[in-house]
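Novice: Input: one structure, supplied below.
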Amino acid sequence: MKVAWVIRPAAGGIKQHLNYLRRGLSSCCEIIVCGPQELEEWAEGCPFYPIEITDGIEPKQDLKAVWQLTKVLRAVKPELIHIHGLKSVMIAVPAAKLSGVKKTLFTAHNMLPQPQTRWYRATHGLVNRTLLKALGRIIAVSDTVGSELAEFVPYNRIVTIRNGVDYHRFEGYSRREALALMGLDSKHFIIGAVARLIAEKGIACLLKAAVLLRNVLPQMRIVIVGDGPMRHQLELYSQALQLEPYVKFLGFRSDVPALMAGWDLFVLPSLSEGLSVSVLEAMAAKLPVVVSDLPSTREVVEQGKGGYFFAPDNAPGLAAAVLKIAKDQSKKRRMGEHNYQSVIRSFGVDHMIQATKLQYQQLIEEGTVW
């Protein structure tokens, strides 16, 4: 099968999801990557075509990207286009029609955005009402995402394939080596977070919780892994809260499994999530988790067994949940083991790969929607 992937600027969980798919599907698919120039090195040997897809709505630039992608699709003639990210739908659906590629699949990695201005609301409304209906099929990474999409698309065109992780990647690392990587030592209680540094990931809430925790849990250290447009702002906020030396911003790291071996607890303070890959990775690393109480996190985490929920953007609730685990080492170990078994049972990467391959095969064999 020749499949063209159309990808918006990607980082964090989406990129890791695509890593798993690319490697797992390479034996049965010729994958052609179409996206921003920054993805060329990431494509790792797959044919790559630069398409100037940007975040946000930029009519002139978006039309340019549609034309770039149309020329690529006419040249490479894929059997199927697999679209990642809602912005990519705006580029790929018109390009598919112009180039005559009739099979389209969209993976919805996140909840639909809630634009604040009239212009953005109107534009996203057009996407939701028109472009989503033009897709052959939609993969939702959680039932929560699928239910939201069903407001715009017939439910029989939506299939849920939950994110998965390769739990073997988290084996064989030692706490001693992880502590050395972070510049910390064994006396510390280490709280980890992995996120793209944007407002929706709620890192500001984690910093507020750190202020509440530093006096009652003075051995606490918070390690924040990830980069993004708000990094400098969050670092300044941390300084203003006088959180040095309690908080470390490590930026992007390719050694997350090695780092997690040194953590005691993982926190996800997001305001919105499709289905967090970083939570699954923490669970695979046998960590208890404290997560925002969102419909999608309830599909993954069992309250009181694998961790605790707190109301989104509620720093006191986050701090209280952390303390429940920090004060009970046996509970911490039990929760970590429970999470590991849950990943093995329900969130392995092999199922995600095989289920996606089946969707490719079925869609290619079916009729088209236009």
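Laboratory data are not the source of any read-out in this text; all were calculated from the coordinates shown. Quantities reported herein were computed from a predicted structural model and do not represent experimental measurements. Quick reminder, even Gly has a Cβ in these numbers, built from the backbone with ideal geometry, and neighbours come from all protein chains shown.
Novice: On a 32 Å Cα-Cα criterion, which of the cross-link pairs Lys77/Lys201; Lys331/Lys357; Lys208/Lys331 come out too long?
Specialist: Numbers: Lys77/Lys201 38 Å; Lys331/Lys357 39 Å; Lys208/Lys331 25 Å.
Beyond 32 Å between Cα atoms: Lys77/Lys201; Lys331/Lys357.
Novice: Which whole-number percentage describes the relative contact order of the stretch 167-346, with Cα contacts under 8 Å and a sequence gap of 6 or more?
Specialist: Numbers: 318 pairs, mean separation 44.5, N = 180.
The normalised contact order for the stretch 167-346 reaches 25 percent.
Novice: Next question, about the same structure. Using a Förster radius of 30 Å, what is the FRET efficiency between Asn19 and Arg345 based on their Cβ-Cβ separation? Nearest 0.05, please. Numbers along the way, then the final one.
Specialist: Working: r = 22 Å, r/R0 = 0.75.
Efficiency computed from Cβ-Cβ geometry: 0.85.
Novice: Taking a cut-off of 16 Å between Cα atoms, list the aspartates and glutamates near Lys327, but don't count ones fewer than 8 places away on the same chain.
Specialist: Those aspartates and glutamates meeting the cut-off are Asp264.
Novice: Scale the Cα Rg of the chain by the rule-of-thumb value 2.2 N^0.38 Å and send over the ratio, two decimals.
Specialist: On the way: Rg = 21.0 Å, N = 370, 2.2 N^0.38 = 20.8 Å.
Relative to the rule-of-thumb radius for its length, the chain sits at 1.01.
Novice: Quote to one decimal, in nm, the extra length available between Tyr237 and Arg333 on full extension: 0.36 nm per residue of separation minus the C-alpha distance between them. Intermediate values should be presented prior to the final figure.
Specialist: On the way: separation 96, 0.36 × 96 = 34.56 nm, distance 3.28 nm.
So the extension gain works out to 31.3 nm.
Novice: Kirkwood Rh and Cα-based Rg: tell me the resulting Rg over Rh for the stretch 167-346, rounded to two decimals.
Specialist: Radius of gyration over Kirkwood radius for the stretch 167-346 works out to 0.92.
Novice: How would you order 180-186, 309-315, 1-7 from highest to lowest mean count of nearby Cβ atoms within 10 Å?
Specialist: Working: 180-186: 14.0, 309-315: 18.0, 1-7: 22.3.
Highest-to-lowest ranking by the protection proxy: 1-7, 309-315, 180-186.
Novice: A further question follows. What aspartates and glutamates sit close enough to Lys60 to cross-link, taking a C-alpha to C-alpha distance under 13 Å and skipping anything fewer than 8 places away on the same chain?
Specialist: By straight Cα distance, Lys60 reaches Glu52.
Novice: Straight distance only, please: which aspartates and glutamates reach the Cα of Lys102 with their own Cα at less than 13 Å, same-chain residues fewer than 8 apart left out?
Specialist: Reachable aspartates and glutamates: Glu79, Glu365, Glu366.
Novice: Further question on the same structure: Report the relative contact order of the chain, percent, no decimals, based on alpha-carbon pairs under 8 angstrom and at least 6 residues apart.
Specialist: Numbers: 679 pairs, mean separation 59.8, N = 370.
In percent, rounded to a whole number, it is 16.
Novice: Taking only Cα atoms and a 10 Å spring cutoff, compute GNM fluctuations for the chain and point out the largest among Thr107, Thr160, Thr130.
Specialist: In the Gaussian network model the winner is Thr130.
Novice: Could you sort the peptides 324-335, 26-37 by per-residue average Cβ neighbour count (10 Å cutoff), highest mean leading?
Specialist: Numbers: 324-335: 15.2, 26-37: 18.2.
The packing order, highest mean first, is 26-37, 324-335.
Novice: Separate question: Once amide H atoms are built 1.01 Å from N in the peptide plane, which residues 5 or more positions from Phe189, or in another chain, come under 5 Å H to H?
Specialist: The answer is Met220, Arg221.
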